[in-house]
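Scroll down for the structure; my scribbles are underneath it.
Throughout, read-outs are computed from the coordinates displayed, never taken from laboratory work. Remember, it's a predicted structure, so these values are computed and weren't measured experimentally. Ideal geometry is used to build each Cβ from the backbone, glycine not excepted, and the neighbour counts take in all protein chains shown.
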């Protein structure tokens with residue numbers, strides 16, 4: 001046990017002495033949360049739109065005002081003719097054009113159909129669809145209010161409620177994803193690099209000649225990174241609650257335990273990589289390509305898994321981050337209890353045991 | 001296995017697939033000897049030494065180290081041997097004191113013992129002032145000497161040195177050998193691989209490996225007369241000319 005403490009102490013020295021790496025590891029969650037929280041977002045805000053109003057009446061003006069008042073749109077252009085539409089789109093000045101037909105207000109008042117054309121720039125299809133939807137809903141809303149005033153006997157009103165995330169904040173989605181990403185980098189990559197480095201340096205050999213049990217050498221390597229991960233999880237949760245206003249709806253205890261489990265999964269992955277990688281560069285590449293990339297692409301945090309082709313969907317099932325992402329989303333955002341995530345937890349647990357067993361076995365055979 | 005052998009090896013063999021790195025080697029080492037293990041690159045010296053240190057399992061053959069069986073008592077052997085690898089084996093981002101503490105610690109020395117060892121080593125190596133600076137900042141020669149002292153931190157009965165003086169200037173090499181002599185005088189058996197032939201002259205006995213076999217063994221003067229050579233380099237050349245494999 002005393003020998004083990006010496007090993008752990010040494011590992012802390014390594015982490016502590018490499019100040020730059022340590023700062024990166026501790027600063028990364030902060031950076032990622034801030035970037036995803038304030039810079040990168042899928043929300044469409046203040047999009048530039050243009051209006052071609054062939055009618056110029058009270059109704060069109062009222063609708064235009066409504067559009068301008070919404071935080072989604074910025075009216076930048078009053079377009080005078082159909083010919084001017086194309087250049088406005090080509091130059092990128094506008095992303096959406098709203099075209100009112102002639103005599104719009106008149107037709108509407110007399111109970112005829114009045115048409116509005118919405119033209120979107122579909123070079124980015126997601127943004128175009130979102131903008132069209134926003135604009136339609138602003139217009140529908142206006143129409144509904146007009147009808148209510150006109151005291152029509154009946155009207156259908158749809159009421160939309162967004163559950164769990166009423167403000168449709170992107171943060172709800174990425175906080176669990178960032179957590180998975182950070183743990184992948186801190187635990188898996190750093191652990192594998194530190195073990196491979198020891199082998200590259202030749203110090204591993206010297207330790208193995210000593211009476212110390214090899215598996216303890218490895219365990220001692222995991223501990224500092226385990227602690228770093230704890231700090232990172234805490235800082236991510238604190239940032240998301242106090243800076244991004246993403247509340248922890250479910251049990252904090254359960255959330256922390258799930259994070260611990262995933263940390264161990266990832267440590268096991270790091271071990272696995274270190275047991276096959278021959279050099280620090282290989283270890284780094286393997287962690288980035290084999291762990292980090294799937295976390296970003298296949299965990300469902302950037303791209304919904306439901307929409308993926310069968311092959312990728314199947315592949316995503318072996319990505320531990322996917323399960324972790326699912327669990328955290330459900331516990332943290334939806335506030336579900338263990339009874340709803342036990343299956344996923346079990347899968348994660350199974351993966352952990354598997355990776356641990358394989359890497360420890362691999363590690364032993366390598367010594368022979 | 002009797003009182004006057006500290007290492008006893010019989011028909012020790014190591015195969016990697018179809019390649020026989022070490023081919024039925026047999027030798028004994030007496031306590032307090034400086035046993036030189038010579039050979040060209042790829043002759044199998046390091047593999048043989050790694051087996052004796054417990055880093056690699058032999059394919060066949062028998063061996064006892066410090067009176068303990070290599071197969072049955074591998075763990076007990078570890079406490080009785082020291083090892084210095086070809087590559088520099090101290091932690092560069094730790095201070096000298098921390099390195100000594102660490103290696104002392106994993107060999108189970110008490111805090112007092114570690115303290116005493118640190119004082120002893122730093123005064124021996126005249127590193128008193130640098131004891132709290134990072135190993136990174138030491139010149140290579142000092143590092144090698146420190147590395148040797150650290151390999152001896154737990155007063156092992158046998159110390160294995162794998163090409164300890166590679167890339168070191170002649171003066172430091174001489175100083176390094178002074179350390180080896182001091183250790184041997186205190187009764188530690190030194191098992192050293194080298195390909196510097198002048199160093200072979202310093203050994204009590206040498207064995208010369210060619211293609212995984214031991215082709216000659218004896219004291220430097222015996223070998224020189226046997227091969228009618230004027231120095232060890234000559235002996236070595238005469239033997240190595242018959243070698244079939246070289247590095248890679």
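Computed from label points 7 Å out along Cα-Cβ, the spacing between residue A:353 and residue B:11 is 4.5 nm. Name all residues of region A:191-226 having a backbone nitrogen under 15 Å from the label point set 7 Å from the Cα of residue A:2 along its Cα→Cβ direction, giving them as ranges. Within reach of a label on residue A:2: A:211-212. Taking the longest Cα principal axis of chain B as reference, the axis of helix B:170-185 is set at about 90 degrees. As a length-normalised measure over Cα pairs under 8 Å and 6 or more apart, the relative contact order of region B:136-248 settles at 19 percent. To the nearest 10 degrees, how steep is helix A:171-183 against the longest Cα principal axis of chain A, on a 0 to 90 scale? Result, in degrees: 20. Here residue A:115 and residue A:334 are evaluated by their C-beta separation; at R0 = 45 Å the FRET efficiency comes out at 0.65. Between residue A:146 and residue A:9, the FRET efficiency estimated from the beta carbon spacing at R0 = 60 angstrom works out to 0.20.
Shape class of region A:1-122 from the alpha-carbon gyration tensor: prolate, with a/c at 1.5 or above and a/b greater than b/c.
Expressed as a whole percent, the proportion of Cα-Cα pairs in region A:80-130 lying more than 17 Å apart is 46%.
For the protein assembly as shown, the Kirkwood hydrodynamic radius comes to 29.9 Å, computed from all pairs of different C-alpha atoms.
Legend: mean number of C-beta atoms from other chains within 10 angstrom of residue C-beta atoms, peptide A:14-21, equals 2. Have a look at the DSSP beta bridges in region A:28-126 and tell me what percent are antiparallel, nearest 5. Taking every DSSP beta bridge within region A:28-126, about 30 percent pair in antiparallel fashion. In the protein assembly as shown, the DSSP beta bridges split such that about 45 percent are antiparallel, to the nearest 5. Any idea how far the Cα center of region A:95-121 sits from the one of region A:164-243, in Å? What the calculation gives is 57 Å, centre to centre. With all pairs of separate Cα atoms included, chain B yields a Kirkwood hydrodynamic radius of 18.7 Å. Shape verdict for region A:60-101, please, from the Cα gyration tensor: rounded (a/c under 1.5), prolate (a/b greater than b/c) or oblate. In terms of gyration-tensor shape, oblate. Reducing region B:91-126 and region A:305-319 to their Cα centroids gives an inter-centroid distance of 54 Å. Report note on the peptides A:275-287, A:82-94: ranked by the mean count of other C-beta atoms within 10 Å, highest first, their order is A:275-287, A:82-94.
Each principal axis of the Cα cloud of region A:22-61 was evaluated for its coordinate range; sorted largest first, these ranges are 64, 13, 11 Å.
Between residue A:21 and residue A:129, the modelled labels are 4.4 nm apart [label points 7 Å from Cα along Cα→Cβ].
Averaging the sequence gap over all C-alpha pairs within less than 8 Å and six or more residues apart, then dividing by the number of residues, gives region A:154-312 a relative contact order of 41 percent. Each Cα pair under 8 Å and six or more residues apart adds its separation to the average, and for chain B the resulting relative contact order is 27 percent. Beyond 23 Å, the tail of the calculated P(r) for region B:1-82 holds 16 percent of the Cα pairs. Averaging 1/r over every pair of different alpha carbons in region A:173-270 and inverting the result gives a Kirkwood radius of 14.8 Å. Modelled label positions at residue B:4 and residue A:161, each set 7 Å beyond Cα in the direction of Cβ, lie 9.7 nm from each other. Here the gap between residue A:257 and residue A:296, fully extended at 0.36 nm per residue and compared with their Cα-Cα distance, gives a gain of 11.8 nm. Helix B:96-106 and the longest principal axis of the Cα set of chain B meet at an angle near 70°.
Across peptide B:46-58, the mean count of Cβ atoms from other chains lying within 10 Å of each residue's own Cβ comes to 2. Distance between the C-alpha centres of region A:126-145 and region A:3-22: 57 Å, rounded to the whole angstrom.
Mean per-residue shielding of peptide A:1-10 is 4, counting Cβ atoms of other chains within 10 Å of each Cβ. Region B:139-213 has equivalent-ellipsoid semi-axes of 19, 16, 11 Å, by the square roots of 5 times the alpha carbon gyration tensor eigenvalues, sorted largest first. Looking at chain A alone, DSSP beta bridges between its own residues are antiparallel in about 30 percent of cases.
Per-residue ellipticity at 222 nm computed for the protein assembly as shown from its helices equals -16000 deg cm²/dmol, with DSSP H segments shorter than 4 residues left out and the rest contributing -39,500 (n - 2.57).
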